[in-house]
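So the structure is just underneath, and the comments pick up after that.
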Amino acid sequence: MIIERRMTRNPVTASPDMSVSEASALMKREKVHRLPVLDKDKKLVGIITEKDILYASPSPVSTLSIHEMAYLLSQLTVKKLMTRDVVTIDKNITVEEAARLMVDQDLSSLPVLENGKLIGIVSKSDLFKILLELFGARHYGVRLSFLVEDKPGTIATITSLLASNNIDIIAMGTFMGTDSTNAICTIKMQGISMEKAVDLIKPMVLEILDVREV
């Protein structure tokens, strides 16, 4: 799946000359945690987050009054706090590549560009929603995890067996095993009991790791 299908389109943005207090109010009003910053030509020049504003705000133990704090923030502009070197992605990048970038570079979001123009943004929350779908988290069923040999045809054999028994596979994923010779597989199914799922699959795998109804 490409990121264009899951990004937030036309995200709320800030301008470099917007005050930090205005940016903070905008985030609260729109229920977002970050704002891409666009110049007058609609070019992406930075990004500002709630964390940036929090770090710039006076300490609660400050001797400044509330009015003085509010005044200082109203004088501080977005361009003073924003991150200028923004990591961006193209709309045709895959979801997994976007996730890799976020993890490897410790990013909470990625602005999405098309021909140099901002068309969307993807956040960790968007990726968590995709994870829920991949594992069928909103569907009730039997979830079975097991250890298998890491060789061609192993998963195909198991899914063919389930299909021949009219078992509906809601979701399936494979993960790194205990070493290079095996892999962990998790399958979520409907139309089968936990006991039958174990009976069917156990002879074909190295070890049953977990089974539950969720």
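The values are calculated or read from the model by the stated rules, or taken from the named source; none is laboratory data. On a predicted model such as this, the values are computed, not experimentally measured, just so you know. Heads up, the Cβs are rebuilt from the backbone with ideal geometry, glycines too, and the neighbour counts pull from every protein chain shown.
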Among E30, E22, E68, the single one that is modelled with pLDDT under 95 and either loosely packed, with under 15 Cβ neighbours inside 10 Å or among the hydrophobic types (A, V, I, L, M, F, W, C) (or both) is E68
With the first residue restricted to the range 163-190 and required to be surrounded by 11 or more Cβ atoms within 10 Å (Cβ to Cβ), and the second required to be among the basic types (K, R), Cβ contacts under 6 Å at 6 or more apart or on different chains are I170/K188; A171/K188; K188/R143
- Would the range 142-156 turn up any residue that is within 24 Å of D52 (Cβ to Cβ), at pLDDT 95 or above and of a type in the set (G, A, S)? no
Checked the range 15-41 for anything of a type in the set (K, R) and part of a loop (DSSP other than H, G, I, E, B); matches are K31, K40
Discussion item. Scan the range 80-95 and tell me whether some residue there is over 25 Å from the mean Cα position of the chain (by Cα) and not hydrophobic (A, V, I, L, M, F, W, C).
Written reply: yes
If we keep only residues of the range 1-26 that are without any contact (Cβ under 8 Å) to a residue 24 or more places away in the chain and under 19 Å from S123 (Cβ atoms), then the residue nearest to the chain's Cα centre (by Cα) is R5
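Conditions (1) more than 28 Å from the chain's Cα centre (by Cα); (2) under 25 Å from I130 (Cα atoms), marked per residue:
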| position | (1), (2) |
| --- | --- |
| G153 | yes, no |
| L161 | yes, no |
| F175 | no, yes |
| T178 | no, no |
| A183 | no, yes |
| I187 | no, yes |
| Q190 | no, yes |
| A197 | yes, no |
| P203 | yes, no |
Pairs returned, first residue in the range 196-214 that is in the same structural domain as T186 (by TED's automatic domain parsing), second residue that is assigned to a helix (DSSP H, G or I) and of a type in the set (D, E, K, R), beta-carbon separation under 7 angstrom, 6 or more apart or interchain, are I208/K202
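Residue under question is G120, and the condition is that it be surrounded by 19 or more Cβ atoms within 10 Å (Cβ to Cβ), in contact (Cβ under 8 Å) with a residue 40 or more places away in the chain and in a loop (DSSP other than H, G, I, E, B); does it hold?
On the way: surrounded by 19 or more Cβ atoms within 10 Å (Cβ to Cβ): yes; in contact (Cβ under 8 Å) with a residue 40 or more places away in the chain: yes; in a loop (DSSP other than H, G, I, E, B): no.
No.
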